[in-house]
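Okay, structure first, notes after.
Nothing in this text is a laboratory measurement; each read-out follows from the coordinates by a stated rule. The model shown is predicted, which means the values in this text are computed figures rather than measured ones. Heads up, the Cβs are rebuilt from the backbone with ideal geometry, glycines too, and the neighbour counts pull from every protein chain shown.
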Amino acid sequence: SQQGEEDPQALSIQEGENATMNCSYKTSINNLQWYRQNSGRGLVHLILIRSNEREKHSGRLRVTLDTSKKSSSLLITASRAADTASYFCAFRPYSGAGSYQLTFGKGTKLSVIP
Amino acid sequence: EAQVTQNPRYLITVTGKKLTVTCSQNMNHEYMSWYRQDPGLGLRQIYYSMNVEVTDKGDVPEGYKVSRKEKRNFPLILESPSPNQTSLYFCASSPRTSGGYNYEQYFGPGTRLTVT
């Protein structure tokens, strides 16, 4: 399977702390995306980083991408209780022209304790 | 309001009884996709469509069918559902892809299917 792997599977922190979660993948990619899912609901897109970018910011989110290590990390700074959710990375495994299959990781479940 | 809608939201059915889950988007997106989500397995792509009459398999297409006759609709068909298809299903859409890039996906609210 070319499914991504998130690490850790679960993370519990206090409000105000930073949360870091990682995603590893096995193939070449064109871009990598991060999504958030509140319990049982649809996923919401957070940020997209292209393969030629190393770092990207959006508000309290910081994403890095290391294509040589085939890994990405999502940092949420100054976390809030409302950040409690599952976070998924998603990418298109490179399998030649014409394939636009999108693969998701298994997710990191973040709990932010007030 | 820009959105992806799915119907029904909840469905309990019996083995072998054909069912269709509808998906519709009002954003004129070209790319649409179906995923299933199971505990410990994350999201897995079932089928996707690049445009009208263009569909392709994802990771787990067995037991499912799709069609894309109109740009806005992308129904998921289970011709003979089995208990291992009990899952949470999501439809998603995305703007035009080009140059090999997959753009951000807009997700529907999900359909929880139970097959007994």
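How big is the stretch B:66-116 along each principal axis, measuring the range of its Cα positions in Å and listing the largest first?
Ordered largest first, the stretch B:66-116 gives principal extents of 43, 21, 19 Å.
Taking 0.36 nm per residue of sequence separation and subtracting the Cα-Cα distance, how much length would be gained by fully extending the chain between B:Ser82 and B:Lys57, in nm to one decimal?
So the chain would gain 7.1 nm between B:Ser82 and B:Lys57.
At most 15 other Cβ atoms within 10 Å and a DSSP loop assignment: could you name the chymotrypsin sites (Phe, Trp or Tyr not before Pro) in the stretch A:37-114 that fit? Show your work: numbers first, answer last.
On the way: sites: A:Tyr87, A:Phe88, A:Phe91, A:Tyr94, A:Tyr100, A:Phe104; in loops: A:Tyr94, A:Tyr100.
When the chymotrypsin sites (Phe, Trp or Tyr not before Pro) of the stretch A:37-114 are filtered for loop state and at most 15 Cβ neighbours within 10 Å, A:Tyr94 remain.
If the cut-off is 18 Å between C-alpha atoms, which lysines fall inside it for A:Lys26, apart from same-chain ones fewer than 8 positions away?
Those lysines meeting the cut-off are A:Lys69, A:Lys70, A:Lys106.
Of B:Pro39, B:Thr114, B:Thr55, which is farthest along the charge dipole of chain B in the positive direction, counting Lys and Arg as +1 and Asp and Glu as -1 at C-beta?
Ranked along the dipole, the leading option is B:Thr114.
Taking the beta-carbon count within 10 Å as an exposure proxy, list A:Met21, B:Met50 from fewest neighbours to most.
Fewest to most other Cβ atoms nearby, the residues stand as B:Met50, A:Met21.
After finding the eigenvalues of the alpha carbon gyration tensor for chain A, what semi-axes result from the square roots of 5 times each, listed largest first in whole Å? Walk me through the numbers on the way to the answer.
Details: eigenvalues 121, 42, 27 Å².
That gives 25, 14, 12 Å for the three semi-axes.
Using a simple spin-label model with points 7 Å from Cα along the Cα→Cβ vector, what separation in nm is obtained for A:Thr27 and A:His57?
Placing both labels 7 Å along Cα→Cβ, they lie 3.4 nm apart.
Largest first and in whole Å, what are the equivalent-ellipsoid semi-axes of the protein assembly as shown based on the Cα gyration tensor, each being the root of 5 times an eigenvalue? The partial results should precede the final answer.
Details: eigenvalues 167, 87, 50 Å².
Rounded to whole Å, the semi-axes are 29, 21, 16.
Could you work out the relative contact order of the stretch B:28-88, using alpha carbon pairs under 8 angstrom and six or more residues apart, expressed as a whole percent?
Result for the stretch B:28-88 is 29 percent.
Quick one: among A:Arg36, A:Arg60, A:Arg92, which has the greatest mean-square fluctuation in a GNM of chain A with alpha-carbon springs under 10 angstrom?
Evaluated over chain A, the most mobile residue of the options is A:Arg60.
If the cut-off is a Cα-Cα distance under 14 Å, which aspartates and glutamates reach B:Lys17, setting aside same-chain residues fewer than 8 apart in sequence?
The qualifying aspartates and glutamates are B:Glu79.
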